[in-house]
Amino acid sequence: MERTIRVLVAKPGLDGHDRGAKVIARALRDAGMEVVYTGLRQTPEQIVQAAVQEDVDVIAMSILSGAHNHLFPRVTELLAEKKVDDVLVIGGGVIPEGDYEFLKSKGIAAIFGPGTPTGTTVEFIRTHLKR
Amino acid sequence: MGDRGAPDPEGVVALIRAGDARTIARAITRAESADPGVEAALRLLHRHTGKAHVVGVTGPPGSGKSTLVDKLVKAYRERGLKVGVVAVDPSSPYTGGAVLGDRIRMQGRALDEGVFIRSLATRGSLGGLSKACAETVRILDAAGYERIVIETVGVGQSEVDIVKLADSVILVSVPGLGDDIQAIKAGVMEIGDVFVVNKADRDGADRVVREIRAMLETAWVNTGAGARAIASGGAHHAASPANTAAGAGTAGAQEEDPHAFLAKLPPVLKTVAETGEGVEPLVDAIEAHRAKLLESGQLESRRKSNAAAELKAALAARVLARLEAGPAGAELLKLAGELATRERDLYDALETLEEILSSSGSPLAGQSGASPEQAGD
């Protein structure tokens, strides 16, 4: 059965712009995916609620403000609380490489830093879906 | 709800009716991808639907539909009603991808358990909705959402599928889109039950209101009702002048105030969705329309004609899918080639296919459960 991949592109925290998130949204769209975009300043609770209602395969979060070590794990915690175990969670934005391991240990499957070709993200999603 | 394996339909229905968000969401996904595994649950679900009032919000891109829907939902929540939202945005005709951005304006409702918002991509449908809209509405209906607001894609002039799904259609206009000839063209401007001029703090809002009113008054004088009422086979408004005197808009109204009919026209309201101004009167107007539909029996007749349209479309899709999967499928491709090279004409090709259909008995015979997606390849 052909099922369209659905992705929630979300901006947790207090970033002032979402240029990068929009570039990613557009790239995923051009790769044939359906992208639910929810805009700036989302709380982890809002992100998880939207992910559940939209039944997405992937949550792709972008963050520039430096709060990633707090906000990204909060999203995976809330997913676990709701027993959602089939959503792939990835991150991007301005994140020091030294934080990658910590985030991966918290269930963020991959981090895509500035300059990552969008095709890399698309390919990662296609090959790591959990359902 | 487990995703792996075939879900147990009774269990799925029970969870949907209990309002379980994951089960509701997954059922919508399955309906959208025409997953045969969800059909049994949808069958059982059907008898639990029909309670919600379905409100369609349509209008051109950028007219403020999402913001208005957000404010409508807020107002309905304040009245204690649970609200489902189905927000449709277009799919790319080239990649099939889509950016669904309606939630951006609806984040104020994000954590309210009495609100369920689902974004759908059109996936090839051209009428302003998605094929799975009707099933999505039924799933939310069965889940206990009492008002279901459908936001169509931004429409141009002829995307009117929303009338086949909504009980009340809200047509959103904004100042500055064109002159008054736009208001007398056929199509989208005919389908409103309630008209809204949004962004009414901008110049020209009153002119748009006047143009829409003039359009509605003319339609009344010419036909005795809105075009939609004629299409759905009943008098939309109880006593219209043209119903009482054929062909004369004034004859039947001699005894009464010649302007009395104005009160029966669909309301035209001004809103500023951004600030919420005018939203309460809009909700009142929708609820008044609902009351009128219930009182006049028109709700039932509208739903009957909508069900007939849905059934016909589903039947056509199924017959075509099964036809393509069978022996006539190969013949169809061959005929198409001959059409392109001008060896045959359209009517000749159709006759050939009709012969195949009638000689093989039912076109549905002998094919097992091929979904349109599988058969289309």
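The values are calculated or read from the model by the stated rules, or taken from the named source; none is laboratory data. From a predicted model like this one, the values you see are computed outputs, not experimental measurements. Backbone-built Cβ (ideal geometry, glycine too); neighbour counts: all protein chains shown.
Residues in segment B:95-130 that are more than 21 Å from B:Val163 (Cβ to Cβ) and at pLDDT below 85 were compared, and the one that is nearest to the other protein chains (Cβ to nearest Cβ) is B:Ala110. Hey, any hits in segment A:30-38 for a residue that's within 11 Å of chain B (Cβ to nearest Cβ), buried (at least 17 other Cβ atoms within 10 Å of the Cβ) and more than 30 Å from B:Tyr145 (Cβ to Cβ)? Looking through segment A:30-38, at least one residue is within 11 Å of chain B (Cβ to nearest Cβ), buried (at least 17 other Cβ atoms within 10 Å of the Cβ) and more than 30 Å from B:Tyr145 (Cβ to Cβ).
Taken as a whole, segment B:331-349 holds no residue that is at pLDDT below 80, within 30 Å of B:Ala31 (Cβ to Cβ) and surrounded by 12 or more Cβ atoms within 10 Å (Cβ to Cβ). Selection of segment B:48-68 for residues being under 25 Å from B:Arg303 (Cβ atoms), outside any helix (DSSP H, G or I) and touching a Lys or Arg at 6+ places or on another chain (Cβ under 9 Å) yields B:Thr49, B:Gly50, B:Ala52, B:His53, B:Val54, B:Val55, B:Val57, B:Thr58, B:Gly59. Kindly check whether there is at least one residue in segment B:69-81 that is closer than 25 Å to B:Val174 by Cα, within 14 Å of chain A (Cβ to nearest Cβ) and in a strand (DSSP E or B). Scanning segment B:69-81, I find no residue that is closer than 25 Å to B:Val174 by Cα, within 14 Å of chain A (Cβ to nearest Cβ) and in a strand (DSSP E or B), so the answer is no. Residues in segment A:47-60 that are within 7 Å of chain B (Cβ to nearest Cβ), touching a residue at least 12 places away in the same chain (Cβ under 8 Å) and not β-branched (Val, Ile, Thr): A:Ala50, A:Glu54, A:Asp55.
Within the span defined as segment B:44-65, every residue fails to be buried (at least 24 other Cβ atoms within 10 Å of the Cβ) and at the interface with another protein chain (Cβ under 10 Å from one of its Cβ atoms). Among the residues of segment B:17-41, count how many are at pLDDT 95 or above, part of a helix (DSSP H, G or I) and more than 13 Å from every other protein chain (Cβ to nearest Cβ). Here the count works out to 1. Mind listing whichever residues of segment A:72-110 are touching a Gly at 6+ places or on another chain (Cβ under 7 Å), more than 20 Å from A:Ala50 (Cβ to Cβ) and at pLDDT 95 or above? Across segment A:72-110, the qualifying residue is only A:Leu103. Checking every residue in segment B:148-163 against the condition of being surrounded by 23 or more Cβ atoms within 10 Å (Cβ to Cβ), charged (D, E, K, R) and over 19 Å from B:Gly192 (Cβ atoms) gives zero matches. Restricting attention to segment A:99-114, does a residue exist that is more than 16 Å from A:Leu79 (Cβ to Cβ), among the β-branched types (Val, Ile, Thr), part of a loop (DSSP other than H, G, I, E, B) and touching a residue at least 12 places away in the same chain (Cβ under 8 Å)? No, because not a single residue in segment A:99-114 is more than 16 Å from A:Leu79 (Cβ to Cβ), among the β-branched types (Val, Ile, Thr), part of a loop (DSSP other than H, G, I, E, B) and touching a residue at least 12 places away in the same chain (Cβ under 8 Å). Regarding B:Glu135, is this residue surrounded by fewer than 24 Cβ atoms within 10 Å (Cβ to Cβ) and in a loop (DSSP other than H, G, I, E, B)? Here the answer is no, as B:Glu135 does not meet what is asked.
For B:Asp89, the requirement of being under 21 Å from B:Val54 (Cβ atoms) and out of contact with any Lys or Arg (no Cβ under 8 Å at 6 or more places or on another chain) is met. Among the residues examined, B:Val83 qualifies as in contact (Cβ under 8 Å) with a residue 60 or more places away in the chain, in contact with a strand residue (DSSP E or B) (Cβ under 6 Å, 6 or more places away or on another chain) and either surrounded by fewer than 18 Cβ atoms within 10 Å (Cβ to Cβ) or under 14 Å from B:Gly144 (Cα atoms) (or both). Scanning segment B:8-24 for residues that are out of contact with any His (no Cβ under 8 Å at 6 or more places or on another chain) and either surrounded by fewer than 20 Cβ atoms within 10 Å (Cβ to Cβ) or assigned by TED's automatic domain parsing to the domain that holds B:Leu140 (or both) yields a total of 10. Answer yes or no as to whether B:Val86 is at the interface with chain A (Cβ under 9 Å from one of its Cβ atoms), under 17 Å from B:Thr29 (Cα atoms) and β-branched (Val, Ile, Thr). Against the criterion (at the interface with chain A (Cβ under 9 Å from one of its Cβ atoms), under 17 Å from B:Thr29 (Cα atoms) and β-branched (Val, Ile, Thr)), B:Val86 does not qualify.
Scanning segment A:1-26 for residues that are surrounded by fewer than 19 Cβ atoms within 10 Å (Cβ to Cβ), within 10 Å of chain B (Cβ to nearest Cβ) and at pLDDT 90 or above yields A:Thr4, A:Lys22, A:Arg26.
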